[in-house]
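Data block below; observations after.
Read-outs throughout are calculated quantities, based only on the coordinates presented, and are distinct from any laboratory measurement. Note that the structure is a prediction, hence the values are computed from the model and not measured. Cβ coordinates were reconstructed from backbone atoms using ideal geometry, including for glycine residues, and neighbour counts include every protein chain displayed.
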Amino acid sequence: MIVNVGALVTVAVCYVVILVLGILAGRKAKHSEKNADTEEVMLAGRNIGKFVGVFTMTATWVGGGYINGTAEMVYAARRGDGSGLIWVQAPVGFAISLVLGGLFYAKKMRSAGYVTMIDPLSQKFGDRMGALLVLPALCGEIFWSASILSALGSSLAVIIGLETWLAIIVSAAIALCYTVLGGLYSVAYTDIIQLIFMFIGLVLAIPFALTHDAVSPITETSMYDMGGWKGYLDGVGWGLYIDFALLLIFGGIPWQVYFQRVLSSKTVDGARVLSFLGAIGCIVMAIPPVLIGAAGYSADWNQTDYASSLTDTGDIEDYRLVLPLVLQYLTPPAVAAIGLGAVSAAVMSSADSSMLSSSCLFARNIWKLVFRPNASEREIVWVMRGGQLVFCIIATVMAIYINSIYGLFVLCADFVYVVLFPQLTLVLYVPWTNTYGSLSGYIISLLLRLLGGESYLSFPAVMKWPWYDEEYNTQYFPFRTSCMLIGLLVILMVSYLFKRLFESGTLDAKYDIFNAVVNERKQKHEYSTNTSYELSGTVNQALEK
């Protein structure tokens, strides 16, 4: 394999700049080894302003999977199955998700002084139930990192000629290095340069790609049969479309990477504003990959140097590589190299955030609250750093060796939507929900989702909802949303049932084994003794006033 030296140098420079900036940003943290502070590491001392906050919020969502996936879906219209721009749901879905998060979740979470997204769940339902709810969130973060690292390895292999495994390992190691050293400070400040690299690199490539001799005007190709690169939607596809739209909108809320930025904001109003501005950023950053995908769709690839690698129908074999292939074959070498730097920056902006978020969840909501309630601040910081290393290794190994990472990520994203969204929403807005309802809803919604199967993993459906397609193992009915709503109703009904049974005396207080109804006060007392929530919440509310 021939290595493209120019592209390699460009990416190396990009990585060095990001690494140096990450290390310098980490020096803003006020903690030391002798005086460790988990809030400094996890939340940058709740000192993230609006400018930095908007960049880090946008960069977290706009990662390698976001831009590569957007270009891929636009190009996929060549299949003639309706795929195309209309199915690029992530930008709009995530934008709406951020707006809803700012309107209904950011204020409640930030004013209470929580440290992680799971904190209100642990406080209400107990430490062990909180730890159980960490699992889908933790898996989602790890599989997300693995999927985007895998995408990066493929991109570097196309343009540079570098071995995929080497590219993945180097990228993961650099992201891990500055994340361990500086925590959220490093992640947030490197997001600024990463987002700038990403935007400039992709925008620079657009005019060259659209005006290449092999590319027909995208205004003409958008008028082709079945909507051209815009795609189309009809029939039972509407059920699947609505299901994924709701998954992106509401399932995009209960992610630690989002709430980590909300909780790190200086003020409650700042947390809400960065959510709204981050939504605008998601939409704006989707425009370049959409145009690049349209250029790929409109290209006659037989006129390029990639002709020998095309399928019999003249298509690119792996649609996931559309964006790097457009950069490589439809733009000048220098522009392609800069564009690759943009792709690399996009991946690292999401990978570092995911590593930090997953380690915070483990250190705070599992290690601290379940196994080591009396752990010192220094111990928690070191557990978090160890978690970053372990989770980075797991994600890297998965990215190198597992071919179905995207399928695993999709399944875990479903779990976040189906399991966590109703739990988080109800704990914030329905005060009488309890552990009995939470556990019942968790089991029922998770079971229903698993029974629905997953086509990406060739996992057969046991429970076949209306409009099920046997040939493609696809549920066209919005069953994910149905599983979520059923779980939500189960939480409400079971919580209310046990509340009435215990408060009426039908069940004796000694049977309140979770300390969730009549013994709830005892649970809250024990919880506040082992954590700093009440103090943190009081201090933060005072500061806000």
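With N residues in the range 117-210, what two-decimal value do you get for its Cα radius of gyration over 2.2 N^0.38 Å?
Numbers: Rg = 18.1 Å, N = 94, 2.2 N^0.38 = 12.4 Å.
Compared with the compact-globule rule of thumb, the range 117-210 sits at 1.47.
Taking the charge dipole of the chain about its Cα centre, with +1 at Lys and Arg Cβ atoms and -1 at Asp and Glu Cβ atoms, the residue from Val262, Ser357, Phe244 reaching farthest to the positive side is Val262.
Just to be sure I follow: if Rg is taken over the C-alpha atoms of the range 350-391 and Rh is the Kirkwood radius over the same atoms, what is Rg/Rh?
Details: Rg = 9.9 Å, Rh = 10.1 Å.
With Rg and the Kirkwood Rh in hand, the quotient comes to 0.98.
The spread of Cα positions in the range 6-122, taken along each principal axis and listed from longest to shortest, comes to 61, 46, 26 Å.
Relative to the Cα centre, the charge distribution of the chain, modelled as +1 at Lys and Arg Cβ and -1 at Asp and Glu Cβ, gives a dipole magnitude of about 2260 debye.
Of the peptides 343-355, 224-236, the order by per-residue mean of other Cβ atoms within 10 Å, starting with the highest, comes out as 343-355, 224-236. Quick one: helix 377-401 against the long Cα principal axis of the chain, what's the angle to the nearest 10°, folded into 0 to 90? The answer is roughly 40 degrees.
How many percent of Cα pairs in the range 156-280 exceed 23 Å? The answer is 63 percent, as a whole percent.
As a rough guide to protection, the peptides 498-505, 158-165 ranked by mean Cβ packing within 10 Å, highest first, stand as 158-165, 498-505. Annotation: Cα Rg of the chain relative to the compact-globule expectation 2.2 N^0.38 Å equals 0.98.
So what's the back-of-envelope 222 nm ellipticity for the chain, counting only DSSP H runs of four-plus at -39500 (n - 2.57) apiece and dividing by all residues, rounded to 500?
Details: 22 runs with 368 residues, N = 545.
About -22500 deg cm²/dmol.
Taking the Cα centre of the range 314-469 as origin and assigning +1 to Lys and Arg Cβ atoms and -1 to Asp and Glu Cβ atoms, the resulting dipole is close to 620 debye. Here, the range 326-413 has an Rg and a Dmax of 18.1, 59 Å when only alpha carbons are counted. Taking Cα centre as origin and charging only the Cβ of basic (Lys, Arg, +1) and acidic (Asp, Glu, -1) residues, the dipole magnitude of the range 1-142 rounds to 380 debye. Could you give the angle, 0 to 90 degrees to the nearest 10, between helix 90-104's Cα long axis and the longest principal axis of the Cα atoms of the chain? The two axes meet at around 30 degrees. Three principal axis extents describe the C-alpha atoms of the range 55-161; from largest down they are 50, 31, 29 Å.
Filter the cross-link list Lys368/Lys464; Lys368/Lys510; Lys124/Lys464; Lys108/Lys499; Lys108/Lys464 down to pairs whose alpha-carbon distance in this structure exceeds 30 Å.
Numbers: Lys368/Lys464 41 Å; Lys368/Lys510 27 Å; Lys124/Lys464 35 Å; Lys108/Lys499 24 Å; Lys108/Lys464 38 Å.
Long pairs (Cα-Cα over 30 Å): Lys368/Lys464; Lys124/Lys464; Lys108/Lys464.
Can you tell me which of 412-418, 76-82, 317-323 comes out highest on packing, and rank the rest after it, using the mean Cβ neighbours within 10 Å?
Numbers: 412-418: 24.3, 76-82: 18.6, 317-323: 20.6.
Final packing ranking: 412-418, 317-323, 76-82.
For the range 251-362, the residue among Ile253, Gly314, Ala286 whose Cα projects farthest onto the positive side of the dipole built from Cβ charges is Ile253.
Considering only Tyr75, Gly101, Leu85, the residue lying farthest towards the positive end of the dipole of the range 40-120 is Gly101, judged by Cα position with unit charges set on Cβ.
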